[in-house]
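Below is one structure, written out as structure tokens; the observations come after it.
The values are calculated or read from the model by the stated rules, or taken from the named source; none is laboratory data. For clarity, every value in this text was computed on a predicted model and none was experimentally measured. Cβ placement follows ideal geometry from the backbone for every residue including glycine, while neighbour counts extend to all protein chains displayed. Ligands, DNA and RNA are stripped out before the accessible areas are found, and what is left, the full protein with its side chains, is counted by its heavy atoms. Shrake-Rupley method; radii C 1.70, N 1.55, O 1.52, S 1.80 Å.
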Amino acid sequence: MRTHGARRGAGTIELTAGGSVEEDIESGPRRSPCAMMVAAQPAIQRLRFTLHGAVQGVGFRPFVYRLATELSLTGWVLNSSSGLVVEVEGPSPQLSCFEQRLEQERPKASVVTMREAASIAVEGSTRFEILASDGDSGKTVNVLPDLATCTDCREELFDPDNRRFEYPFTNCTNCGPRYTIVIDIPYDRPNTTMRGFTLCPACRQEYENPSDRRFHAQPNACPVCGPQLDGTIEDAVEALVQGRIVAFKGVGGFQLLVDGRNHDAVARLRERKHREEKPFALLMPSLEVARTYCEISPAEVRLLESQAAPIVLLKPKPGTDIAPNVAHCSPYLGVMLPYSPLHHLLMQECRFPLIATSGNRSDEPIATANDEAVLRLKDIADHFLMHNRPIVRACDDSVVRLTRGRAGVLRRARGYAPLGVRVPQSLPPVLAVGGHLKNTVAIGVGHEVFLSQHIGDLETLEARGAFEKAIDDLCRLYSFKPEVVACDLHPDYSSTQWAEKSGLPLIRVQHHQAHVASCAAENNVQGPYLGVSWDGTGYGLDGAIWGGEFFRVESGQFERLAHLRSFGLPGGDAAVREGWRSAASLIFEVFGAEVLTDVLTERGMPHVSSVLPDVGTTHVKAGNSRLDRSRIRTMLEHGINVVPTTSVGRLFDAVACLTGIARQNRFEGQAAMLLENEIGPLRTEEAYPLSGGDWGPLIQAVVTDTRAGVGAPLIAARFHNALVDWIVEVAVRTGLKQIVLSGGVFQNRYLTERAAAMLESRGFVAATHQQVPPNDGGIALGQAVMAVRQST
């Protein structure tokens, strides 16, 4: 994806999911020599450069200082609230060389989204200097994410002769906390939580020396003057070896750690955290240890070792000692490497995989303060390892997976947030409040959309408090005053209700249109295009539950061209968790009421009936009521508490149930994940019929195959292929060449990769997510972009 808005002369850049920047191929090698052919008495000029993006806190000012002094140029550099501003004066050949090397040799962690250059009046300056930051202008600079420990700091950490030997808070301009400690911008020490730690003389000398890699490293510290641990690493390791649960204060909040090999310890963590089956992530001591547990490609190695250091979903090796209840039903292991000095020190002593999960109860925000953690986690953790560096905002670990040979973010948090996404159109001052699940919020500032870190599901009072804090946080950080607020159509979403009470002009954005707009924005697809938006639940324009939608999009206008044939969800929201309800509805529609009764009472349709719930005196909990399963037929016949839907996600649930793979979802998307996993290594071109989105023939074929004993892998593959064929069918019919794929269903790697490959083999261009998640974590971006259409 090419970032737009940069001048060609400024070097077109690509933002990778690893948070690094790769030069456009036309920019040439990273370090190319300047042609220093100085003419006699060359003219003296002065140039001003303004760099926008993530350019503060990465060592950009000392880099510019060294480059300018090397070329005998005068002038200055400073951090402003709009970015990095440089003025350089000298002979034109040296200025040309400076401009060339400014783009080619910039700090690795920097992300330049746009560069402005102008020739200004010569001032006759006599030296080059670093000026104090300017905080008066409008704040549009990107706040940098937290960065994983660099190689230099890691070497110092384990060097007995270094003064920072085994110091758990070492950092420099190339690494360390950023987003989780910054209170305001410009990013200077007084605007961070490090303002409470006065630099010692040795650290002060490093901080003020432009040739030192700790020059203006705002979190700079050492054992003499910096943060300290409350507890010891040795005691924490002993607790982990004994199978106890440790609450560990990390970069963006507390984590809960436990031995990933110890089945009983993992079970205790699940019970105490109220997390039934959702997979846990693992913290590995090193890449070498990770290789003993997982298959890791070179691209996945780059992700693991990137400055973002996310959790990467990897294929596990068979026969290892990882407890089976770690990943539970997932075909992947979520793996990350140590990314802070404290993590490195812990894993140096603890040479086995640890579960590292969010320090909270399910559906609650992560604990960040020590007193708060002790209060909220005392019934979960057996031991605490804390420190006294304050955390301004909670930031969970990001989750990434390779899809289509490139990184795709599934949860955008540490290492990625709050980097902005540059969009082609200028936005009004809009606040986008996202959805209800996997919530993120965003603000639109000119051509940039700044997204918050992953907040999570807004199911609890505590989660809604975190949501409101994130809004206040973004607005304060950027001195941003929204003029409009964009929200979802769903009246019961907490985010929508907050928007309605905000007092701001309201822009309601349809859920699936926001999905499509999000993917189109990050890929700079401007239309006309075909948007495919598939997920589990989203409020439609007609009040029904949508989730299998095709839109023609042109000039910001959405036309609903096609959708999955509607079917009923008996029990409404209960069907989201209990997939057997969707299966019962489809059996009712395809085979009739009598056959449904036979299935529910296990009198007919062998193999199918065995995967539906028992009846008679057995009851199932649905919300706050208890529903006799035998009443399902009555509900469907009379339309009692039956909600119409076009959701592909619910179709996944039904097929997973009919094949005996999963009756219910113990976490969002579980049945769909299991159905995808069932395919395994099988590859076939066979597909069930789904022409026009009519699932009737498909359900008939699934039931026929199930009764005939056809293996679940082949049924799952035929089902996925049917969905792909339907996408291609609609694309061919519309004739639109650009196809945008978005929505939670496209977290499915098999489906996404096959759909993109089939489309591209027919001459279409397929756009999928990279920078933001395809799930509801990405819709705030879409809401912000769509605010342009409705506010003009």
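Here are the numbers:
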quantity: Tally, over the stretch 522-539, of residues that are touching a Leu at 6+ places or on another chain (Cβ under 8 Å) and part of a loop (DSSP other than H, G, I, E, B); calculated: 1
quantity: The lone exception for ARG115 - which of (1) crowded, with 20+ Cβ neighbours inside 10 Å; (2) part of a helix (DSSP H, G or I); (3) touching a strand residue (DSSP E or B) at 6+ places or on another chain (Cβ under 7 Å) it fails; calculated: (2)
quantity: Within the stretch 548-568, tally of residues that are loosely packed, with under 15 Cβ neighbours inside 10 Å, in a strand (DSSP E or B), without any contact (Cβ under 8 Å) to a residue 40 or more places away in the chain and in contact with a Lys or Arg (Cβ under 9 Å, 6 or more places away or on another chain); calculated: 1
quantity: Candidate set from the stretch 569-578 (those that are under 26 Å from VAL516 (Cα atoms) and in a helix (DSSP H, G or I)); member that is least open to solvent (accessible area, probe 1.4 Å); calculated: ALA575
quantity: Hits in the stretch 503-557 - residues which are at pLDDT below 95, polar (S, T, N, Q) and closer than 27 Å to GLY571 by Cα; calculated: THR537
quantity: Residue in the stretch 703-717 that is within 29 Å of LEU561 (Cβ to Cβ), touching a Lys or Arg at 6+ places or on another chain (Cβ under 8 Å) and either of a type outside the set (Ser, Thr, Tyr) or part of a helix (DSSP H, G or I) (or both) present; calculated: yes
quantity: The stretch 485-529: number of residues that are buried (at least 21 other Cβ atoms within 10 Å of the Cβ) and more than 24 Å from the chain's Cα centre (by Cα); calculated: 2
quantity: Sole residue being open to solvent by less than 10 Å² (accessible area, probe 1.4 Å), touching a helix residue (DSSP H, G or I) at 6+ places or on another chain (Cβ under 7 Å) and closer than 17 Å to LEU342 by Cβ, chosen from ALA221, ALA239; calculated: ALA221
quantity: Close pairs (8 angstrom Cβ cut-off, 6 or more residues apart or separate chains): within 15 Å of GLY527 (Cβ to Cβ) and open to solvent by 40 Å² or more (accessible area, probe 1.4 Å) in the stretch 732-759, part of a strand (DSSP E or B) and of a type in the set (Gly, Ala, Ser) anywhere; calculated: GLN738/ALA767
quantity: Out of ALA562, ALA574, sole residue that is among the small types (Gly, Ala, Ser) and closer than 19 Å to LEU658 by Cα; calculated: ALA574
quantity: Pick from the stretch 458-484, criterion of a type in the set (Asp, Glu) and assigned to a helix (DSSP H, G or I), ranking: least open to solvent (accessible area, probe 1.4 Å); calculated: ASP473
quantity: Hey, GLN41 at pLDDT 90 or above, open to solvent by 70 Å² or more (accessible area, probe 1.4 Å) and either under 26 Å from the mean Cα position of the chain (by Cα) or among the polar types (S, T, N, Q) (or both) or not; calculated: no
quantity: Residues of the stretch 74-87 satisfying the condition of being under 18 Å from HIS52 (Cβ atoms), in contact with a helix residue (DSSP H, G or I) (Cβ under 8 Å, 6 or more places away or on another chain) and either open to solvent by less than 10 Å² (accessible area, probe 1.4 Å) or modelled with pLDDT of 95 or more (or both); calculated: VAL77, ASN79, LEU84, VAL86
quantity: Residue in the stretch 203-213 that is assigned to a loop (DSSP other than H, G, I, E, B), open to solvent by less than 10 Å² (accessible area, probe 1.4 Å) and out of contact with any Lys or Arg (no Cβ under 7 Å at 6 or more places or on another chain) present; calculated: no
quantity: The stretch 647-664, residues that are surrounded by fewer than 24 Cβ atoms within 10 Å (Cβ to Cβ) and touching a Ser or Thr at 6+ places or on another chain (Cβ under 9 Å); calculated: GLY660
quantity: The one condition in (1) in a helix (DSSP H, G or I); (2) in contact with a Pro (Cβ under 9 Å, 6 or more places away or on another chain) that LEU741 fails to fulfil; calculated: (1)
